[in-house]
1. Can you give me the number of residues within the range 157-216 that are part of a helix (DSSP H, G or I) and either of a type in the set (Lys, Arg) or open to solvent by 10 Å² or more (accessible area, probe 1.4 Å) (or both)?
2. Looking at Arg235, Arg250 in this structure, which one is of a type outside the set (Asp, Glu), in contact (Cβ under 8 Å) with a residue 40 or more places away in the chain and under 25 Å from Arg156 (Cβ atoms)?
3. Looking only at residues that are open to solvent by less than 40 Å² (accessible area, probe 1.4 Å) and small (Gly, Ala, Ser) in the range 133-144, which one is nearest to Ala254 (Cα to Cα)?
4. For the range 361-406, enumerate the residues that are under 20 Å from the mean Cα position of the chain (by Cα) and more than 11 Å from Ala174 (Cα to Cα).
5. How many residues does the range 324-346 hold that are within 14 Å of the chain's Cα centre (by Cα) and either among the aromatic types (Phe, Trp, Tyr) or within 11 Å of Gly183 (Cβ to Cβ) (or both)?
6. Can you say whether Phe426 is among the aromatic types (Phe, Trp, Tyr) and at pLDDT 95 or above, as far as the supplied structure shows?
7. If Gly33 meets every condition in (1) buried (at least 16 other Cβ atoms within 10 Å of the Cβ); (2) modelled with pLDDT under 80; (3) of a type outside the set (S, T, N, Q); (4) in contact with a helix residue (DSSP H, G or I) (Cβ under 7 Å, 6 or more places away or on another chain) apart from one, which number is that one?
8. If I ask for residues that are crowded, with 18+ Cβ neighbours inside 10 Å and at pLDDT 95 or above, which ones from the range 448-464 would you list?
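The values are calculated or read from the model by the stated rules, or taken from the named source; none is laboratory data. Note that the structure is predicted; figures quoted are calculated from it, not measured. We place every Cβ from the backbone using ideal geometry, glycine too, and count neighbours over all the protein chains shown. Surface accessibility is based on the protein's heavy atoms, side chains included, excluding ligands, DNA and RNA. Shrake-Rupley method; radii C 1.70, N 1.55, O 1.52, S 1.80 Å.
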Amino acid sequence: MRRDTLASLRQLSQVLGDLPVASAAGTVRGVAGLAIDIAGLAHHAAIGQRVAILGAGDAPVLAEILGFSGGTQKAMTLGHTERIKAGMEARIVATARRFSSGEDEPFADRGGLLVSEGWLGRVVDPFGAPLDGKGYLPAGPRACALRAPPPPATSRARLGGALDLGVRVLNTFATASLGQRLGLFAASGVGKSTLLSMIARHTECDVVVLALIGERGREVREFIEEHLGAEKMARSVVVVATSDAPPLARRESAHAAMAIAEYFRDAGQSVLLVMDSVTRYCQSLREIALSAGEFPAARGYPASVFTELPRLLERAGPGAESTDGSAGFITGIFTVLVDGDDHDEPIADAVRGILDGHIVLARRIAEAGRYPPVDVARSLSRTMEAAVSAADMALAQRGRAVLARHAELARLIEMGVYEAGRNAEFDQIVAKGRAIEALLVQPRAARVTIEEGFADLAQVIGAGSEPENQSNLKKNAL
């Protein structure tokens, strides 16, 4: 009797699963730019909910509710609006079904992604669909929320020890900690992608999650095959939304990458999350907000952009500490595109205030031929003092002082104010400064450990302390 009952329940469950799910429907009333006005979904559609617009081709067009006023909802498609016409039916999506195939797949709507270990080595879109032609993605046992809150501040683990990024200038002058969040600030064409590839390939970690947001399509395969490499790719998940992707797709790519990183962090692993770039994420937020009717504020960015930004970035970092004191970590590298080398523009300023350090790439250094072109004087890791020994910290400070004094003397030499041989101390500073600059040159394929970086710096600087008073430098040079 019991066996018959179980068989009946299975049969009933299968029948119920095949039944269409009832959902509310509305009508498209108009399209203006990226925004779609839908009537008839009042009291049914919430902000962030997905709707399917029917009749625009073989497959429905998926859209997201951005806001509402009266009886009209404003939505934006996850694709393009060319096929949308007035009078088309808009139906609330009640299942996590991918309309292009008509089959349930291991990704959901805004609720989450069914991430698993089988995602390693794969390239996916912002909604968890494979882009690499390798077929089905194995589904995990639970959905990883795209909008998860960060771990509670009082129960988060503290940052771990020093994290070896494999790049001499970063290891030596801006040593990172496990679970730290660093911003990489650079204008276009300064070598940002090359430095990112060095960090992704050389960093000691269990998993790499790479989010390419708004990148050129031709650069995606190049970055994966040449910059990341087959060995590192095997332990990586790459989320891609190219520059021609709709704003919602570019926005979701950041949240998808964060959700994937959180899955591996919650499993107790060390994750390197590289997001390129936060600026393009914010630009997608701006396009969405302006289409929903928000007013622009700072340089065209609505206020909601600066609300969403910390919600995303705060999710990176240490996970919740378990009873035995262990935890997983997300070490975040977030790039910021600095328009016109203006490091005080709104996005750069906001990101710098949220993160635990900033790395600045300078065009003048790149033009001088020193790569990676990190501006040591303007770069800072706020956790470096806790990550390295007191002796190494003092060595880095001496190196910074030498570079600062060398830069000032170089300006005097260019002006013809100072000539070599007039002051032995200044000649020594120039020699050491040039030696440090030469030391910071690193080919993309080379890897330099933290220990090697400090040992090389100590050898260049030598024993003894550098004079600390710089106020009379120009006067003494004269």
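1. Within the range 157-216, the subset part of a helix (DSSP H, G or I) is 168-173, 192-202.
Then drop every residue that is not either of a type in the set (Lys, Arg) or open to solvent by 10 Å² or more (accessible area, probe 1.4 Å) (or both), which leaves 168, 192-194, 201-202.
Residues flagged as part of a helix (DSSP H, G or I) and either of a type in the set (Lys, Arg) or open to solvent by 10 Å² or more (accessible area, probe 1.4 Å) (or both) within the range 157-216 amount to 6.
2. Numbers: Arg250 fails: under 25 Å from Arg156 (Cβ atoms).
Only one candidate qualifies: Arg235.
3. Within the range 133-144, the subset open to solvent by less than 40 Å² (accessible area, probe 1.4 Å) is 135, 137, 140, 144.
Filter once more, keeping what is small (Gly, Ala, Ser): 135, 140.
Details: Gly135: 23, Gly140: 20 Å.
Ranking the candidates gives Gly140 first.
4. Residues of the range 361-406 under 20 Å from the mean Cα position of the chain (by Cα): 361, 372, 374, 379-383.
Correct list: Leu361, Pro372.
5. Taking the range 324-346 first, the residues within 14 Å of the chain's Cα centre (by Cα) are 330-337.
So of that shortlist, the ones also either among the aromatic types (Phe, Trp, Tyr) or within 11 Å of Gly183 (Cβ to Cβ) (or both) come out as 332-336.
Going through the range 324-346 one residue at a time, the tally reaches 5.
6. On the way: among the aromatic types (Phe, Trp, Tyr): yes; at pLDDT 95 or above: no.
Taking the combined requirement at face value, the residue does not satisfy it.
7. For Gly33, the exception is condition (1).
8. Val448, Ile450, Gly453, Phe454, Leu457
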